[in-house]
Amino acid sequence: MPGPNTAGPPSPTLDGARVLLVDPYLRREDPMERQGEEQYPSLGVLSLAAYLRHRGADVRVVDLTFERDLGRVREALGSFRPEVVGVHTKTLTLERSLALARLAREAGAFTVAGGPDASSRVDRYLRSGFDAVVTGEGETTLVDLVHARKEGSTLFGIPGVAFLHEGSSVQGPPRSYLPDLDALPLPAWDLIDLEGYLDRWSRLTGDRRMAVVTSRGCPFDCSWCSKPTFGRTFRQRSVGSLMHELAMLRELYGVDYVRVCDDVFGIQRAWTEEFLEEMIARDWGMRFECLSRVDLLKPELLPRLKRAGLARVFLGVESGSQKMLDLMNRGTRLTQVERCARALKEHGVRQHWFLMLGYPGETLADIESTVELFRRYSPEEYSVSVALPLPGTRFERLVQGSPATGENPLLFEGVDGEIVHRWTRGRLRFWRRMAPFASHFRPSTSARLERASDWFGQEVARRIVVGEEAPQVLPRREEPRQSWLSRPPGEPPRRPAA
Ligand code: B12
Ligand code: SF4
């Protein structure tokens, strides 16, 4: 089984400390995800497990993804008797994380939460049963925390650690980011049932798929993007270390398709070129998919990306209106979207567009432009999310000044935002379904169809809008709607990244 591949930076020896890490995501409890097919183990948990093990801890992992209930955690608490239980957190799994904290505490373990959700609402986790929260990048912080527990020393002053002291939350200074990602050991694949994931992929697609990261963080500054773990830093692994990981996945597990889980793939052009050269030279027949930006996937790169195995790209297209892209601080141009979409089509690379509705300032005319852009390029896959002001984002600050610090801004004055949302999704679905037939239409038929769709779109819009003016999307006080986390049956998978 794979072990650590480097010595790594110096840090305390954990002397056999028993640590249990839990990924609380439980697919069958998530009605939206039950139909989803895109399942990968948490790379964060696997990286932490490998790092702790490398520092001398005795580590176990319970991945609940395909479990029926918390039975395996109970079992591990009883037989392994961990001193520390660490839980990976996402907003979707908050309740289950809190239930796990209760179970672990009852079993006498010290409980710690980490990952995107705990990092963005530390107090919530501390006041609901966790002994500590690790914010941001977890490897070195968790080692220091486990070491302090082992030694019985204080948690005060440990960078990246928060805990409650006499009822108040105390937070150590921010932890600096790991300077060299190559110093991390390979993920601890052997601590989970990786074969279970691979078998499932095999049945679904014929490929043995696994995830990797080639970098951490993203230097861009889209106004709605929340980056609770790696902030605006950007660190890239060397191509050599990535190729080593891919070779191991291939040899040990027969992986032949890789999802690159970076926030954005291809930020450094020289790195991308080197990676493509390596993939082409090795000729493994391994395919990959990634999330990227239209300004990075330059058409001249496409032939080599395709030869290197690029099969699918997730693109944050977001809107067909330049005004909206500028308001979102996206830093992309519609001309780039068009160029990129054309090039991907030409080279037979599947595209999945992320579209966003309801960002402040959006009018029905902007939504029309989005539908129009979609119609012209008809990506093979797409998902639509509702803009949500996440904690710590520029978007959140923007709506804070308004009388309503609305958590669900897809609300048009005088109009039910939900109708606009459904209506738009309906039209996108219609155009997606028409796409395979479009090439058989005569140009005059296509033009008639487009005119009818425009007329129908505008007519319905007129009926649901009260007043003459195209309404602005305005935030309004309401309970948060988690529609950005969910998707109705039959829709393609939701956006995986910000
Ligand atoms: C790849 C990815 C996916 C993949 C793989 C998911 C998986 N199993 O990890 C897929 C496509 C399946 C996916 C699905 C979903 N995802 Co996702 N995904 C990502 C993405 C782009 C990268 C995650 C990653 O691998 N990072 C690399 C690893 C090394 O970092 P990490 O996980 O953050 O872990 C580090 C720290 O967080 C910390 N840490 C993490 N856990 C713990 C635990 C302890 C105890 C400690 C001490 C520290 C610690 O230490 C780790 C190492 O430094 C992130 C965006 C991002 N940059 O985080 C979104 C993100 C995590 N996903 C998100 C969401 C919402 C989802 C879905 C719920 C969406 C949906 N409904 O379809 C599902 C949930 C499914 C699931 N199985 O969990 C959100 C979570 C937001 C939130 N607050 O909850 C994120 C942050 C994107 C965003 N900005 O909105 N996702
Ligand atoms: S949305 Fe994507 S490109 Fe924009 S800041 Fe977030 S991760 Fe970076």
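Only residues that are away from ligand 1 (no atom under 14 Å from the Cβ) and of a type outside the set (Ser, Thr, Tyr): list them for region 226-241, please.
VAL239, GLY240
With respect to PHE156, is the statement that it is in contact with a Gly (Cβ under 8 Å, 6 or more places away or on another chain) and either of a type in the set (Ser, Thr, Tyr) or under 17 Å from CYS261 (Cβ atoms) (or both) true? Show your work before the answer.
Values: in contact with a Gly (Cβ under 8 Å, 6 or more places away or on another chain): yes; either of a type in the set (Ser, Thr, Tyr) or under 17 Å from CYS261 (Cβ atoms) (or both): no.
Against the criterion (in contact with a Gly (Cβ under 8 Å, 6 or more places away or on another chain) and either of a type in the set (Ser, Thr, Tyr) or under 17 Å from CYS261 (Cβ atoms) (or both)), PHE156 does not qualify.
Listed residues ALA113, ALA107; which is away from ligand 1 (no atom under 11 Å from the Cβ) and on the phi < 0 side of the Ramachandran plot?
Working: ALA113 fails: away from ligand 1 (no atom under 11 Å from the Cβ).
Only one candidate passes the filter, namely ALA107.
So how many residues does region 335-363 have that are surrounded by 22 or more Cβ atoms within 10 Å (Cβ to Cβ) and closer than 14 Å to VAL420 by Cβ?
Qualifying residue count, region 335-363: 6.
Taking region 321-338 only, how many residues are aliphatic (A, V, I, L, M), more than 17 Å from ARG350 (Cα to Cα) and within 16 Å of ligand 2 (Cβ to nearest atom)?
Just the residues of region 321-338 that are aliphatic (A, V, I, L, M), to begin with: 324-325, 327-328, 334, 337.
Now drop any that are not more than 17 Å from ARG350 (Cα to Cα), which leaves 324-325, 327-328, 334.
Add one more test, that the residue is within 16 Å of ligand 2 (Cβ to nearest atom), and what stays is 324-325, 327-328.
Total satisfying the criteria: 4.
Among what's in region 33-50 and is over 16 Å from the mean Cα position of the chain (by Cα) and at pLDDT below 95, pick the residue that is surrounded by the most Cβ atoms within 10 Å (Cβ to Cβ).
If we take residues in region 33-50 being over 16 Å from the mean Cα position of the chain (by Cα) and at pLDDT below 95, then GLN35 is surrounded by the most Cβ atoms within 10 Å (Cβ to Cβ).
Search region 425-440 for residues that are surrounded by 13 or more Cβ atoms within 10 Å (Cβ to Cβ) and pair each with any residue that is of a type in the set (A, V, I, L, M) and assigned to a helix (DSSP H, G or I) when their beta-carbon atoms are under 6 Å apart and the residues are at least 6 apart or on different chains.
Here the result reads ARG427/VAL371, each pair linking region 425-440 to a residue that is of a type in the set (A, V, I, L, M) and assigned to a helix (DSSP H, G or I).
Within the group SER223, SER319, which residue is on the phi < 0 side of the Ramachandran plot, within 16 Å of ligand 1 (Cβ to nearest atom) and of a type in the set (Gly, Ala, Ser)? If you could, list the steps in order and put the result at the bottom.
Values: SER319 fails: within 16 Å of ligand 1 (Cβ to nearest atom).
Only one candidate qualifies: SER223.
Are any of the residues in region 51-59 touching a residue at least 60 places away in the same chain (Cβ under 8 Å), buried (at least 17 other Cβ atoms within 10 Å of the Cβ), touching a helix residue (DSSP H, G or I) at 6+ places or on another chain (Cβ under 7 Å) and part of a strand (DSSP E or B)? Talk me through it step by step, then tell me what you get.
At the first step, the residues of region 51-59 found to be touching a residue at least 60 places away in the same chain (Cβ under 8 Å) are 51-55, 57, 59.
Still in the list and also buried (at least 17 other Cβ atoms within 10 Å of the Cβ): 51-55, 57, 59.
Within this subset, residues satisfying the condition of being touching a helix residue (DSSP H, G or I) at 6+ places or on another chain (Cβ under 7 Å) are 51-52, 55, 57, 59.
With the extra rule that they be part of a strand (DSSP E or B), the set shrinks to 59.
Looking through region 51-59, at least one residue is touching a residue at least 60 places away in the same chain (Cβ under 8 Å), buried (at least 17 other Cβ atoms within 10 Å of the Cβ), touching a helix residue (DSSP H, G or I) at 6+ places or on another chain (Cβ under 7 Å) and part of a strand (DSSP E or B).
Scan region 308-320 and tell me whether some residue there is charged (D, E, K, R) and either within 16 Å of ligand 2 (Cβ to nearest atom) or modelled with pLDDT of 95 or more (or both).
Within region 308-320, the first condition is being charged (D, E, K, R), and the residues that meet it are 312, 318.
Then keep just the ones that are either within 16 Å of ligand 2 (Cβ to nearest atom) or modelled with pLDDT of 95 or more (or both); that gives 312, 318.
Checked region 308-320: at least one residue is charged (D, E, K, R) and either within 16 Å of ligand 2 (Cβ to nearest atom) or modelled with pLDDT of 95 or more (or both).
Can you list the strands (runs of 3 or more DSSP E) lying wholly within region 98-180 that have 3 or more residues being over 24 Å from the mean Cα position of the chain (by Cα) and not aliphatic (A, V, I, L, M)? Working first, answer last.
Details: elements: 110-114, 132-134, 161-165, 168-171.
Output list reads 168-171.
Look through VAL260, VAL212 and report the one residue that is under 21 Å from CYS340 (Cα atoms), at pLDDT 95 or above and within 15 Å of ligand 1 (Cβ to nearest atom). Spell out how you get there, then give the answer.
On the way: VAL212 fails: under 21 Å from CYS340 (Cα atoms).
Among VAL260, VAL212, only VAL260 is under 21 Å from CYS340 (Cα atoms), at pLDDT 95 or above and within 15 Å of ligand 1 (Cβ to nearest atom).
ARG237: of a type in the set (Lys, Arg), under 21 Å from GLU137 (Cα atoms) and in contact (Cβ under 8 Å) with a residue 12 or more places away in the chain, yes or no? Working first, answer last.
Numbers: of a type in the set (Lys, Arg): yes; under 21 Å from GLU137 (Cα atoms): yes; in contact (Cβ under 8 Å) with a residue 12 or more places away in the chain: yes.
Yes: the conditions hold for ARG237.
Would you please name the residue that is farthest from LEU315 (Cα to Cα), looking only at residues in region 192-231 that are among the β-branched types (Val, Ile, Thr) and away from ligand 2 (no atom under 16 Å from the Cβ)?
Just the residues of region 192-231 that are among the β-branched types (Val, Ile, Thr), to begin with: 192, 205, 212-214, 229.
Checking which are away from ligand 2 (no atom under 16 Å from the Cβ) leaves us with 192, 205, 212.
On the way: ILE192: 30, THR205: 22, VAL212: 18 Å.
Checked region 192-231; the qualifying residue farthest from LEU315 (Cα to Cα) is ILE192.
Of the conditions (1) in contact (Cβ under 8 Å) with a residue 40 or more places away in the chain; (2) assigned to a loop (DSSP other than H, G, I, E, B), LEU296 clears all except one; give me its number.
Among (1) in contact (Cβ under 8 Å) with a residue 40 or more places away in the chain; (2) assigned to a loop (DSSP other than H, G, I, E, B), LEU296 violates only (1).
All but one of (1) within 16 Å of ligand 1 (Cβ to nearest atom); (2) under 16 Å from SER238 (Cβ atoms); (3) out of contact with any helix residue (DSSP H, G or I) (no Cβ under 8 Å at 6 or more places or on another chain) hold for ARG269; which doesn't?
Result: ARG269 passes all but (1).
Restricting attention to region 116-139, and to residues there that are aliphatic (A, V, I, L, M) and within 11 Å of ligand 1 (Cβ to nearest atom), which single residue is nearest to VAL84 (Cα to Cα)?
Of all residues in region 116-139, those aliphatic (A, V, I, L, M) come to 118, 122, 126, 132-134.
From what's left, within 11 Å of ligand 1 (Cβ to nearest atom): 118, 132-134.
On the way: ALA118: 17, ALA132: 11, VAL133: 12, VAL134: 13 Å.
Restricting to residues being aliphatic (A, V, I, L, M) and within 11 Å of ligand 1 (Cβ to nearest atom), the top hit is ALA132.
Just checking, does region 268-276 include any residue being closer than 23 Å to ASN329 by Cα and either hydrophobic (A, V, I, L, M, F, W, C) or in the same structural domain as GLY217 (by TED's automatic domain parsing) (or both)?
Taking region 268-276 and keeping what is closer than 23 Å to ASN329 by Cα, we get 268-269.
Then drop every residue that is not either hydrophobic (A, V, I, L, M, F, W, C) or in the same structural domain as GLY217 (by TED's automatic domain parsing) (or both), which leaves 268-269.
Within region 268-276 (the criterion being closer than 23 Å to ASN329 by Cα and either hydrophobic (A, V, I, L, M, F, W, C) or in the same structural domain as GLY217 (by TED's automatic domain parsing) (or both)), the answer is yes, since at least one residue qualifies.
Answer yes if at least one residue in region 33-48 is within 30 Å of SER385 (Cα to Cα) and free of Cβ contacts under 8 Å to residues at least 24 places away in the same chain, and no otherwise.
Filtering region 33-48 for residues within 30 Å of SER385 (Cα to Cα) gives 33-47.
From what is left, the residues that are free of Cβ contacts under 8 Å to residues at least 24 places away in the same chain are 33-34.
Yes, the conditions are met somewhere in region 33-48.
The values are calculated or read from the model by the stated rules, or taken from the named source; none is laboratory data. Just so we're clear, the structure is a prediction, and the values are computed from it rather than from any experiment. All Cβ positions, even for glycine, are placed from backbone atoms using ideal geometry, and neighbour counts span all protein chains on display.
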